[in-house]
Amino acid sequence: IPVDEFDLVIFGGTGDLARRKILPGLFRRFISNQMPTGSRIIGAARSDMDTEGYRQMVREAIAEFGGEESKDLKCLERFVAQLHYIQVDAKGTAGWDELHALIRFEVINAFYFSVAPSLFGDLAERLHNYKIADDDSRVVVEKPFGRDLETAKELNAILAEHFGESQIYRIDHYLGKETVQNLMAVRFGNMLFEPLWNNHYVDHIQITVAETVGVGGRGTYYDKSGAMRDMVQNHLMQLLCLIAMESPSVFDADAVRDEKLKVIRALQPIDPHHIVRGQYDATKTEPSYREDAENPRSHTESFVALRCEIANWRWAGVPFYLRTGKKLKARSSEIIVVFKDIGHSIFPGDEKRHRNILSIQLQPNEGMQLQVTIKEPGPGGMRLIDVPLDMTFAEALGPDAEDSTDAYERLIMDVIRGNQTLFMRGDEVEAAWAWTDPLIEGWQARGDVPKLYEQGSSGPEDALMLMHREGRRWHEIK
Ligand code: BG6
């Protein structure tokens, strides 16, 4: 279904994110006929370039990052014809009158701040002063949304000077991933899971976001951030919220975000023994984290594993184990819900622990399995085995199951539709920082040094111990 006609201005329109994600994503939506003809994408940046130069840059970006679709050259030409470029000075006066003249107020307009957060204030102020944005305009901002509670509050305040909360779209691209949304469908569209989704039946929950890439190329940013700020404070906490939240009464932006906020606010402070930080070591051929970050004494973590608890009636006493890291064994994000052992076995000789496990794979392959216990087939008597019940829907849904929509393109279309459900509200971001700040400050105060781990492994030994000492184990990263 096409969205309404729009003008989208991308500040930082020549930057890495625009070239890799935003523009190829928009092109895919264009091919899928979701972007109405007449809509315009206006690149705005410092570079001295004209519209023709910009179109050429976008052709090249799409050829490099656009995948299969980029081969449709006719379509690509029709797409680039909808692009414009304006050279603007975010801190000065150049370009703003031209931008005002180009923007059409009779269509939806959105402003994507794909720039350093230090420019948010300048951009917001100029959009307001030059009367480029009005009460219906939308602004889209990228993470990192601050680096702690204080800076997040400052950013929220800067944006609030010129825009209402209903106009602000804070991106966490994990919320745009297909299976992440499916989490809500599975939980709240079935009778089967929700009655068991609590501390009476769930033993623990694991959330893993493992990456194989290192930080090479973005070391300067990353070294000031680390896995806690880069991944846990946003992506992993969002996943935790969707897994743990109560059912909203309706699937709308504020109802969903109210419930997520309650989860974050109910998170208990973490005992330092329940966090493990790691840093990848060098191999014979690959540089270490410190070399990648060009900081020989860096104490920044490229891996973090932690155990946390949510203090409410549903979850009291259920540990949630979260881990994420770079240069691990495989690229794999999954959520594992481990149900409690059956209380009593009626089968003589059956000494194995039988427990149901729901595994939800987010990427690279999306899927879901439920481990169930059945009788081992054959004449061997009543012997039980655990088998995965595959709930990956490819067979049932056929080609429709293959949705290649990237998180960014889905989210940008939601901005145009005015749907904030998959975006973070200001109070959510602040609450997430309020929880992570003391942990980070604690490491700094103690001079905590991350444990080295081998590239291609599952992270430092201590992360395994985090669960082993409680008689549990991580689901293998594969
Ligand atoms: C980004 C982080 O937000 O997410 C990166 O800054 C990380 O460090 C990336 O690599 C992971 O995203 P995805 O979609 O590849 O899992």
If we ask which residues in the stretch 133-151 are within 24 Å of residue 435 (Cα to Cα) and within 16 Å of the ligand (Cβ to nearest atom), their number turns out to be 7
Of 183, 192, the only residue that is within 16 Å of the ligand (Cβ to nearest atom) and assigned by TED's automatic domain parsing to the domain that holds residue 327 is 183
Filtering the stretch 315-339 down to residues that are within 26 Å of residue 269 (Cβ to Cβ) and over 20 Å from the mean Cα position of the chain (by Cα) yields 315, 316, 317, 318, 319, 338
Cβ pairs under 6 Å, 6+ apart or interchain, first in the stretch 216-237 and outside the structural domain of residue 306 (by TED's automatic domain parsing), second not basic (Lys, Arg), ordered by first then second residue, are none
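Among the helices (runs of 4 or more DSSP H) lying completely within the stretch 353-455, list those that include at least 1 residues that are within 16 Å of the ligand (Cβ to nearest atom) and within 18 Å of the chain's Cα centre (by Cα).
Working: elements: 394-397, 407-417, 426-446.
The qualifying helices (runs of 4 or more DSSP H) are 407-417, 426-446.
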The residue that is nearest to the ligand (Cβ to nearest atom), considering only those in the stretch 209-230 that are assigned to a helix (DSSP H, G or I) and not hydroxyl-bearing (Ser, Thr, Tyr), is 230
Within the stretch 99-120, the residues that are surrounded by fewer than 18 Cβ atoms within 10 Å (Cβ to Cβ) and among the small types (Gly, Ala, Ser) are 101, 116, 118
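Just to be sure before I move on: is residue 206 of a type outside the set (D, E, K, R) and within 16 Å of the ligand (Cβ to nearest atom) in the structure I sent? Working first, answer last.
On the way: of a type outside the set (D, E, K, R): yes; within 16 Å of the ligand (Cβ to nearest atom): no.
Answer is no for this residue.
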Checklist entry - So is residue 427 among the acidic types (Asp, Glu), at negative phi and touching a helix residue (DSSP H, G or I) at 6+ places or on another chain (Cβ under 9 Å) or not? => result yes
Of the residues in the stretch 131-148 that are under 19 Å from the mean Cα position of the chain (by Cα) and assigned to a loop (DSSP other than H, G, I, E, B), the one that is farthest from residue 226 (Cα to Cα) is 142
The correct count of residues that are of a type in the set (Asp, Glu), in contact (Cβ under 8 Å) with a residue 12 or more places away in the chain and within 30 Å of residue 156 (Cβ to Cβ) in the stretch 421-474 is 5
Those residues of the stretch 231-257 which are assigned to a helix (DSSP H, G or I), buried (at least 17 other Cβ atoms within 10 Å of the Cβ) and either more than 11 Å from the chain's Cα centre (by Cα) or at pLDDT below 95 (or both) amount to 240, 241, 242, 243, 244, 253, 256, 257
_Check on residue 180, out of contact with any Phe, Trp or Tyr (no Cβ under 8 Å at 6 or more places or on another chain), among the aliphatic types (A, V, I, L, M) and not in a strand (DSSP E or B)_ = no
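The values are calculated or read from the model by the stated rules, or taken from the named source; none is laboratory data. These numbers were taken from a predicted model, which means no experiment stands behind them. Cβ: placed from backbone, ideal geometry, glycine included. Neighbour counts: every protein chain shown.
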